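A quick write-up on the structure given underneath.
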Amino acid sequence: MADKISVTINDQAVEVPPGTLIIEAAKKIGVKIPTFCYDDRLRSVGACRMCLVEVEKMPKLIASCATPVAPNMVIHTESDKVKTARKGVLQFQLINHPLDCPTCDKGGECPLQDNTFLYGPTESDYKENKIRVMNREEDQKFDDFRLGPEIYYNANRCIMCFKCTRIVRDLAGEADLGVFERGASSYIGIMKELDFADEYSGNTVEYCPVGALTSRSFRYKIRDWLLKKASSVCSLCAVGCNLHVEWSRDKVYRHMARRNDEIDIGWLCDRGRYGFDITSNKDRIYKTHIRRDSSLEPCGWEEATAVAVKYLTEYIDDNRGAEIAAVGSGSLSNEEAYAIRRFFGDVVRTDYIDFQTEYAEPLTPDVLDLIGLEGKISGLENKGIYIFVDCDPASDFPVASLRIRKAISKRKARAVFITSYHKRLGYFPVTNIRVSAGSEAFALEYLHSRIQGTDFRVPEGLIEDKSKLDNLAKDIKNSDSVHIISGRAFFNHPYRAALLSSMIKLKKVCSAGLSIVPAQVNFMGVTRFGLYGSPGRSFTDILDKINSGSIKSLFVFGSNPTEEFPDRRYVIDTLRKLEFLVVVSPFMDSLTNLASLVFPLALPADYSGSFMNMEGRIQRFEAGPENIHYEMKPVWAILGEFSDVMETGNVWYHDSQVREEIAKNLTHYSNITNIPQKGLIVGLKDKKELEIKETSPEIPPKADSELPYILNWTPSVHHSGWITQKSATLMNIAGKQEAWMHPDDAAKEGVEAGQAVRIGNKETGINIKVKITNEVNKGEILILNSFEDNPVNRLLKRDEKVTFVSVGKI
Amino acid sequence: MAEYEKILFKNIDQPGQDRIETYLKNGGYKAFEKAVTNMTPEEVTEEVIKSGLRGRGGAGFPAGRKWSFLPKDSDKPVYLTVNADESEPGTFKDRELMEKDPHLVIEGTLITSYAIKCRTAFIYIRAEFTYAAKQLIRAIEEARAKGYIGKNILGRGIDIDIIVHRGGGAYICGEETALLTSLEGGRGHPRVKPPFPAISGLYGAPTIINNVETLANVPHIVNRGGEWYASIGTEKSTGTKIFCLSGHVNKPGNYELPMGIPLRELIYDYGGGILEDRNLKAVIPGGSSVPVLTADKIDVHLDYESLAEAGSMLGSAGVIVLDETVCMVKAALNMMRFYKHESCGQCTPCHQGTYWLLRILDRIEHGRGTMEDLDELIHICDNIDGNTICPLGDAATPGVRSTLQHFREEYEYHIEHKKCMVSMAPRFV
Amino acid sequence: MEKTSQIILSEKSVKELRRLENLYPEKKSIVLMVLHVVYDQFGYLKPAAIDEAAGVVGIPPIDFHQAASFYTFFPREKVGKYHIQVCRTLSCYLRGAEELVDYLIEKLNIKMGEVTEDGIFSLTEVECLGSCGTSPMMQINDTYYENLNRAKVDSILDELRKKAKSG
C-alpha cells in the first residue's frame, strides 16, 4: 500500500496517509467541515450527518467523519449540494430543539449555535408544536433530569450524537449511561437508581455539542464569554493532566480540558474536573493568623512575618537551626520545594526537611529511585500484560489508565490485578487474583517461581486461586511485554520491602517495566528539588526528635500530617509538644488548630509554577483568579519575604526567578527555564540496573476473637485525600464513606447492608455504613474514603503493620 | 393461465416436507453432497455467478459476486449471516420457505458456507417468526443427526455450524449492517460503509449476508447448473422470484414465477383479480419502500430493469394492490407511521425527517393541512434522500413522493374538504 | 460480578442462559437471546429478571435495558395471559385492520394498550408482522391468527377465554 494518498479538497491538493478520514484530511489544509458527532478520539458513527461532503463520481453525499480518503478523490465541502444538505440537517436538528440559548449553559460555546449561525437557515419551516419533555419531579429545575449527583440531562436539547455514550462505553468501559427507546423518541438515560457518576463522567458534559448535559456545579452560574482561561495542570494526581482553570474575578468556575496528546488527549477525570472549587472552600484561609490566648486570630502579614523571623533569627543566631524542622508536601511546586531547601538548608541550617507525611516508613534513596513510571504515559497504550499490584489505576492515575483501557479494548493488552479486594477497569475484561491483605508478595514470588520453574511454597489460604497465577506465568512466558505497576497503596503497604523485592525479582525474570505511581502531583518534583529527607531526617524522624525534645519547632508547608499520617493520635500528641508550630496552609483544619502561626498558602490555581509528573515531565501552570484582596502566597514568596526581612538573600518575586536559580545550581535541570508547551521530559533513573536488598515475604499476623477483622482502607477516584475533601462538588459526588464487608462476615455479625456500625478497637472507632459484597475478602474490612469528621487514621497505629478491628452495632 | 416450473416451491406443499426424511426423499441435500464432494468452493461460487442469481432481499446485488469480494488473505474467520429478518411491509415469502421447507434454507446455507469457507453461520430471524424459528432449529438438529452439520461433515474435513439467532422486533435489522450490530448484541444501528461487511462485518471479520430466498436458490443452482438457472427469467433478472401478493386481490399469497412476468398476469391470472371486481388504483410492486405505480402501469414486467424503467423498483417483490376505494393520503400516512416507528434514531435526517413528515401527513389527513404543506413534504423528502447511513431514510420517502406525484388531487381534496376523497370498502366482516 | 443466589429465574431459564453463554464467538451477542429467555419465562421483560440474568451471564444490565427499549417485540410491562397484537401496516390496513381493532376494543371492552380486568387479554397494535397475504391478522402470544373475520375472532377469543379459565 502506498504510504501517502493524494486527494483534492476544494481544488486544493493534499497528501495524507491511507486510512485518514476525509474530515481530517480537510483539517490538514485548513478546511473546516462542521460536525456534531465526530471526535477524532472516538469511534466514528456518522450519525449527525452535518459533515456530509460531495465526492465526485459518488452518487450520494458522504459522511466525511466516517469515510477514509481513497486515491484521487475529488472532494467538495462547500458545493451547493453540500450546503443544502447542511441546512436540512440543521433544520431537522432544530425542529424540537428549544431555543433557550439565553438560559442554556452551552450558549456561547455551542457547536449547534455556531453551526446554525454559519450554515443554517435563518427561519425554520417547522410549523408543528415543539415537543417538550418535562421533568415532573419536584427538586429539579426546568426540563432537566438528574442522571447522577453532578450531571443533568435535558432531552429537548439533545441531538443524539452519541458522544456521551461513546465516552462512557468505549473510552471508560463503564455501563452507567445508555441510549434508550428508538428513532425520534431516543434519549440518553441511566438505569433506575444507578447514578451516572463514573470516573470520567464530566467529559460527557464538556464534549456534549449542545446543552443537553450540564454540570450541577456550573449551570446557571456564569456565561462562557465572561470566563478567563488560565493554562494550568491538574494537581490531584501524578498524571498531570493539562487543563484550563476558568475563572472570573476571584472565583474559579470550572476546569476544562486543555488537550495534550502526550498525556491526557483532552480527557479529564472527575476528580480533576470537579475539584475546581477547592479554591473557594469555606475553610479557605485568606489572611495570616496568630495564636493569642490559646485562640487563633487574624493578624497583619507584617506581624506574622515578624514573629516568625524573630523566632528563626534567635535559633539561627544561637546556631540552633537544627532544632527547627520543615515539612512540605508532594503537592507543592518545584519552585516551592526548592525554596524550602534553600531557605531551611542554607539560611536556617537544618537538615530536617522532608515531605513524607502520608506513610510511617520513609523511603530509602534506592527505593526513591524506583518511584515513577517506567516509560511514557503514551506508552501505556502498548500491547502487553499489565500486572497491577495492590493498585487501583482508576483512582491512582485515572486519565493515564484510559490508555490501558484502550489497549484492552483493542485486545492488545490484558490487565491482571493482584489484590486483596476486587478491582476493575470499567467493564473491560480484567483478571482479579485475590490474595489476603498484605500478601501480594507471596503471589509475586509464586508467579516468579512458576516462570522460573523453581519451587515456592505459599502458605495455605493466602492466595484464593493459584491456578490463575499458573496461567499468568504461561502468558508471561509468551509475552515480550510485561509491565508491573503499583500505586499509592505501595507507600503504605505493611510489607513494603518484601513487596518491592518480589516485584523486582519478577521484573528481572521477564524484563518487565516496573512503575510505582505516587499519589501526589509533584512527588517526582519535590523529591528532586529539595524536599526529600534522607534517612534519619525524614518526617518520622522529625516526630521522634520532637518527642525527644531535640526539635523545638516545625514549619509545615501545604501538607496535613494530622489527616494524612497513619496514626492520628500520635501525630497530634507529638505536635502538641512543639514550642512553635508554623502552618502554611490553604485551609483551617485539624492542623491549624495546633498552630502558633498560620500563613495562607496559595493553591495551584492562584499562582504559577511547575510540576513534574509520574513520567518525569515538567509542566508549567499559570495563575488563575485575581486574588488582590487576599494574602495567599506560594511558599517561595512567603520564604522570600522572610529572607527579605532577615536580609539573607533568596528573595523571589516570580516563579521564573526560582527556576533560573534551579537551572544555575542543578545542572541536570539547566533547561527548566524553558518549559515547552508539551512539557519538558527530564530523564528518570534507569530502573534496569537497580539493586534492592532481597526480602522474603512475611505471613501477616492472624486476627483474634476480640478484634476479628483486618482493616484496609482506600481513597476513591472522587476523593483522594484531605485536599479533595475541600471540594464541595467532589464531596457531593463521592459523598459516602463505606465499610465493605464480606457476606459471611456480615451474617456472622448480624449486620445488614446500609446499616451503620462502629468499626474500631477498645479505645476508638468510627461510625460507618456497611456495604455487603464478596468483592472483599472474608475476615477483612475495607473502608472506602476517609473524611475529616470520621478519619480512618484514627484507627491506625504507626508501629503496627496490620490493623485489627471489631465491628459493633450502634 | 400460463404454467411455469416451480423451483423453490416445487415441494413446498408436500406433506412432511419440513422433515428431513421427506426432504431427502425429494432429493434434498444432494446438492450439498455434490458441492462438497465434487466441487471446490471456488467452483460453487463460479456456478452461482454464472446463474446470475441476484439478492432477493431487496437490493438485487449479484450473490456470487458478493461472495467473491471476501478477502483472500484474511486470518480472521469468515461468517455467513442469513438474513431472515423479513420485515418489509408486503413481504412474506421467507417465512413460508422457513416454515414449510426449512431444510432447503439450511442446505442453501450449508453450500454457501462451504463456498465462502465459513465455519459458523447465523440465521438472524425476526422475533415474531416463532414458528419458523422452531422449524429451523428442529431442521438443524435433524441435519446435525444426519451428519450434514457439525464437525468433519461427510468425512470431508469440513466443519460448519449454524446458529439460529432470534431478533427482537426491529425492521431496521433487515438492513445488513444493522443486522450485524444487532447480532453482536447491540441496538440495531446500521454502520457506515465502507468498510463493507465482506471486508469487516460481524466481529470485524469478513462476513457475507444473504437473504433466505437467495440461499434457497443455491441448492438448485448447484444441482442443475448456473446456465440452466440463467435461462429462466430475463437476461439481467434471472431465475424465478417469489412474488408476495397482498392487498385488494381475490387470492393473495406467495407465487413463484419467472422474473419478468407481467404485473397483469400476477394480479389477474394468479391473484384472481381485484376484490369485488373493483377498479385497480395503484400497485406498490416491491414492498412499501418503493414508489407507487398507477393502474395504467398494469402491463409492466416484474423484473429489476423493467420496474426501474417504470419508475419503481422490484425491491423484495412484495406486491401490494390498492383498489379504487383507497385514500392515498391515508395510505401514505400509514406507511410513514411505519417508517417513523422503525427509524433507528441514528441519522438526524431520518429520525427527525420521518417524524416531521408524519406530523404533516397526520395534519392533512385530519383536515388541518395547508397547500404549503405539500411543498414542504417534498422539501423534507429532499433533505432526507441520500443523506443517511442506511437506506431506511430513502425507503421512507417514496410513499409520500409517489402518492403526491400521482394523486396530488387527493391531498388537495383533503386540505380543501377536510376529509378523504374516497372511502374504503369494509373488508373485515 | 457473581450473584450468590438466584431469585426469580427458573432453573430452565438459567440452564438456557448457561448454554447461551459460550455459544457465540463473542459473549455480548447473546443480549437478545437472553431477553427471549426472560420473555419466555415471564411473558414480558420483568426488569428484575433482566438484572438477574445479566448477573448470570456477566454482561452489564444496561445493555439489556438499552436493547429492551429499542426492540419492540418484547412487552416491557405485564400484559394479559393472552397478548393480542394486531398488525396495522399497509396490507393489513387494506384488508380491514382498523375495523378489526375496533371490533376487538368493543369485544374486550378495553382501550388500546390495556389489559382486561380479568387479566386474560391485552391489546396492542404493531407494525408489519410478515403476514400480509393472510390479512387481516393478529398475533396472540407466539401464534399467528390469519385471514380474520368477525366469526373467527369470536371463536378464537371464546376458546382462549375458556382455556384461561380452565387453568
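Determine how many Å³ per residue the convex hull of the Cα atoms of region B:292-353 encloses. Display every interim value, and only then the final one.
Working: hull volume 7.1 nm³, N = 62.
Expressed per residue, the convex hull around the Cα atoms of region B:292-353 is 114 Å³.
Might you tell me the accessible area per residue for region B:300-388, computed with a 1.4 Å probe and given in Å²? Walk me through the numbers before you get to the answer.
Numbers: 2300 Å² over 89 residues.
For region B:300-388, the per-residue accessible area is 26 Å².
Please give the net charge around A:Ala197, taking every other residue with its beta carbon less than 13 angstrom from that of A:Ala197, where Lys and Arg add +1 and Asp and Glu add -1. Intermediate values should be presented prior to the final figure.
On the way: positive: A:Arg146, A:Arg216, A:Arg271, A:Arg273, A:Lys736; negative: A:Glu150, A:Glu174, A:Asp176, A:Glu193, A:Asp195, A:Asp198, A:Glu199, A:Asp270.
For residues surrounding A:Ala197, the net value is -3.
Give me a single rounded figure for C:118-129: the average over its residues of other chain Cβ atoms within 10 Å of their Cβ.
On the way: counts 0, 0, 0, 0, 0, 0, 0, 1, 3, 11, 16, 8.
Per residue, the average neighbour count from other chains is 3.
Return the long-range amide H neighbours of A:Phe621 (sequence gap of 5 or more, or a different chain), with a cut-off of under 5 Å between placed amide H atoms.
A:Gly609, A:Ser610, A:Phe611
From the backbone phi of region A:349-360, what are the Karplus-calculated ³J(HN,Hα) couplings (6.51 cos²θ - 1.76 cosθ + 1.60, θ = phi - 60°) in whole Hz, Gly and Pro given as x?
Listing the rounded values in order: 6, 10, 9, 7, 10, 7, 9, 7, 9, 8, 9, 7 Hz.
Ignoring ligands, DNA and RNA, please state the percent of accessible area on region C:20-167 from carbon and sulfur, probe 1.4 Å.
Values: 2490 of 5520 Å².
In region C:20-167, the share of accessible area belonging to carbon and sulfur is 45 percent.
Enter the Cα centre distance for the pair region A:396-412 and region A:739-764, rounded to the nearest angstrom.
Taking the Cα centre of each part, region A:396-412 and region A:739-764 sit 35 Å apart.
Through the Karplus equation 6.51 cos²θ - 1.76 cosθ + 1.60, θ set to phi - 60°, convert the phi angles of region B:169-180 into ³J(HN,Hα) values in whole Hz; use x for Gly and Pro.
These are the phi-based 3J(HN,Hα) values: x, 7, 3, 4, 6, x, 6, 4, 6, 5, 4, 5 Hz.
Once each part is reduced to its C-alpha centroid, what is the distance from region A:621-690 to region A:1-63 in angstrom?
Centre-to-centre distance over Cα atoms comes out at 45 Å.
Highest mean first, how do C:35-42, A:756-763, A:581-588 rank when packing is the count of other Cβ atoms within 10 Å averaged over residues? Display every interim value, and only then the final one.
Working: C:35-42: 21.5, A:756-763: 15.2, A:581-588: 24.2.
Highest-to-lowest ranking by the protection proxy: A:581-588, C:35-42, A:756-763.
What does the charge count near A:Arg488 come to, summing +1 for each Lys or Arg and -1 for each Asp or Glu among other residues with Cβ under 10 Å from its Cβ? Working shown, then result.
Working: positive: none; negative: A:Glu358, A:Asp390, A:Asp392, A:Asp396.
Charge balance in the 10 Å sphere: -4.
In percent, how large is the relative contact order of chain C, given Cα pairs closer than 8 Å and 6 or more residues apart?
Details: 223 pairs, mean separation 30.5, N = 167.
Here the relative contact order equals 18 percent.
Using the Cα centre of chain A as origin and beta-carbon charges of +1 (Lys, Arg) and -1 (Asp, Glu), tell me which of A:Ile23, A:Ile546, A:Asn732 is placed farthest towards the positive end of the dipole.
A:Ile23
Put simply, what bits of region B:304-346 lose 50 Å² or more of accessible area when the other protein chains are there, versus the chain on its own (1.4 Å probe)?
B:Lys330, B:Asn334, B:Arg337, B:His341, B:Gln346
Using a 10 Å cut-off around each Cβ of peptide B:80-91, what is the average number of partner chain Cβ atoms that fall inside?
Numbers: counts 0, 0, 0, 0, 0, 1, 2, 5, 3, 11, 8, 5.
Per-residue shielding by partner chains comes out at 3.
Can you tell me how chain A classifies by the Cα gyration tensor, rounded, prolate or oblate, using a/c under 1.5 as the rounded cut? Please report the intermediate quantities before stating the final value.
Numbers: a/c = 1.65, a/b = 1.39, b/c = 1.19.
Taking the square roots of the gyration eigenvalues as a ≥ b ≥ c, chain A is prolate.
Please work out the average accessible area per residue across region C:82-166, using the 1.4 Å probe convention, and give it in Å². It would help to have the intermediate numbers written out before the result.
Details: 3470 Å² over 85 residues.
Value returned for region C:82-166: 41 Å² of accessible area per residue.
Considering only protein heavy atoms and a probe of 1.4 Å, how much of the accessible area of region A:84-178 is carbon and sulfur, as a whole percent? Mind showing how you got there, number by number?
Values: 2240 of 4160 Å².
It is 54 percent, rounded to a whole number.
What would the Debye formula give as log10 I(q)/I(0) at q = 0.15, 0.18, 0.22 Å⁻¹ for the alpha-carbon point model of region A:134-279, no solvent?
Summing over Cα pairs of region A:134-279 leads to -0.78, -1.09, -1.48.
At a probe radius of 1.4 Å, figure out the B/C buried accessible area, summed over both chains, and give it in Å² to the nearest 100. The partial results should precede the final answer.
Numbers: alone 17680 and 10060 Å², together 23340 Å².
Counting both chains, the buried surface is close to 4400 Å².
Per-residue counts of other Cβ atoms within 10 Å, averaged by peptide: what ranking do you get for A:660-672, B:124-136, highest first? Spell out each step's value before the answer.
Values: A:660-672: 15.2, B:124-136: 22.8.
So the order, starting with the most tightly packed, is B:124-136, A:660-672.
Where nothing but the Cβ of Lys and Arg (+1) and of Asp and Glu (-1) is charged, how large is the charge dipole of chain A around its Cα centre, in debye to the nearest 20? Spell out each step's value before the answer.
Values: 104 positive and 110 negative charges, 454 e Å.
Dipole of chain A, to the nearest 20 debye: 2180 debye.
List the lysines whose Cα sits under 21 Å from the Cα of A:Lys797, skipping any in the same chain fewer than 8 residues away.
A:Lys545, A:Lys577, A:Lys702, A:Lys762
In deg cm²/dmol and to the nearest 500, what is the mean residue ellipticity at 222 nm of chain C if only DSSP H runs of at least 4 residues count, each as -39500 (n - 2.57), divided by the residue total?
On the way: 7 runs with 77 residues, N = 167.
After summing the helix terms and dividing by the residues of chain C, the value is -14000 deg cm²/dmol.
At a 4.7 angstrom Cβ threshold, list every cysteine in chain C that has nobody to pair with, or say none.
C:Cys128, C:Cys132
If you line up the long axis of helix B:392-406 against the longest principal axis of chain B, both from Cα atoms, how many degrees apart are they, to the nearest 10?
40 degrees
5 Å is the cut-off here: which amide hydrogens, built 1.01 Å from N in the peptide plane, fall below it relative to A:Glu361, excluding neighbours closer than 5 in sequence?
Result for A:Glu361 returns nothing.
Please calculate how many Å² of accessible area chain A carries per residue, with a 1.4 Å probe and no DNA, RNA or ligand atoms counted. Spell out each step's value before the answer.
Values: 31020 Å² over 810 residues.
Using a 1.4 Å probe on heavy atoms only, each residue of chain A averages 38 Å².
With a 1.4 Å probe, how much accessible area is buried between chains A and B, both sides summed, in Å² to the nearest hundred? Mind dumping the intermediate values first?
Working: alone 33010 and 17680 Å², together 47930 Å².
Chains A and B together bury approximately 2800 Å².
Which cross-chain or sequence-distant (5 or more) residues have an amide H under 5 Å from the amide H of C:Lys81, H modelled 1.01 Å from N in plane?
Amide H to amide H, under 5 Å and 5 or more residues apart or across chains, C:Lys81 pairs with C:Ile120, C:Phe121.
Among rounded, prolate and oblate, which fits region B:20-230 when a ≥ b ≥ c are the square roots of the eigenvalues of its C-alpha gyration tensor, a/c under 1.5 means rounded, and a/b larger than b/c means prolate? Intermediate results must be reported in sequence, preceding the final value.
Working: a/c = 1.40, a/b = 1.17, b/c = 1.20.
The shape class here is rounded.
Charges only on Cβ, +1 for Lys and Arg, -1 for Asp and Glu: so what's the dipole of region C:41-167 about the Cα centre, in debye to the nearest 20? Don't skip to the end; give the middle numbers.
Details: 14 positive and 18 negative charges, 61 e Å.
For region C:41-167, the charge dipole is close to 300 debye.
Name the residues of region A:91-119, by number, that are at least 40 Å² less accessible with every protein chain in place than in the isolated chain; the surface is that of heavy atoms, probe 1.4 Å, without ligands or nucleic acids.
Output list: A:Phe92, A:Ile95.
For region C:94-157 and region A:469-523, what is the separation of their Cα centres, given in Å?
The two parts, judged by their Cα centres, are 66 Å apart.
Return a whole-number percent for the relative contact order of chain A, with Cα pairs under 8 Å and 6 or more residues apart as the contact set. Display every interim value, and only then the final one.
On the way: 1731 pairs, mean separation 101.1, N = 810.
Contact order relative to length: 12 percent.
Report D for region A:725-810 in µm² per second (integer): Stokes-Einstein, Kirkwood Rh on Cα pairs, 20 °C, 1.002 mPa s. Before the final figure, lay out each step's value.
Working: Rh = 13.5 Å.
Estimated via Stokes-Einstein, D reaches 158 µm²/s.
Which residues of region A:54-85 show a drop of at least 50 Å² in accessible area when all protein chains are present, compared with their chain alone (probe radius 1.4 Å, heavy atoms only, ligands and nucleic acids excluded)?
In region A:54-85, residues shielded by partner chains: A:Lys60.
Of all the accessible heavy-atom surface of region A:553-697, with the other protein chains kept in place and a 1.4 Å probe, what percent is carbon and sulfur? Present the calculation step by step, with values, prior to reporting the outcome.
Working: 2700 of 5780 Å².
About 47 percent, which is the carbon plus sulfur part of the accessible surface.
Just to confirm a number: summing +1 for Lys and Arg and -1 for Asp and Glu over residues other than A:Leu99 whose beta-carbon lies under 13 angstrom from that of A:Leu99, what do you get? If you can, show how the numbers build up before the last one.
Details: positive: A:Lys106, A:Lys130, A:Arg132, A:Arg157; negative: A:Asp100, A:Glu123.
Net charge around A:Leu99: +2.
Return a single number: how many Lys pairs in region A:134-279, at a sequence separation of 8 or more or on separate chains, have alpha-carbon atoms below 27 angstrom apart.
So the count of such lysine pairs works out to 12.
The values are calculated or read from the model by the stated rules, or taken from the named source; none is laboratory data. Being a predicted model, the structure only gives us computed values, none of them experimental. Virtual Cβ from ideal backbone geometry, glycine too; neighbours counted across all protein chains shown. With ligands, DNA and RNA removed, areas are computed over all heavy atoms of the protein, side chains included. Shrake-Rupley method; radii C 1.70, N 1.55, O 1.52, S 1.80 Å.
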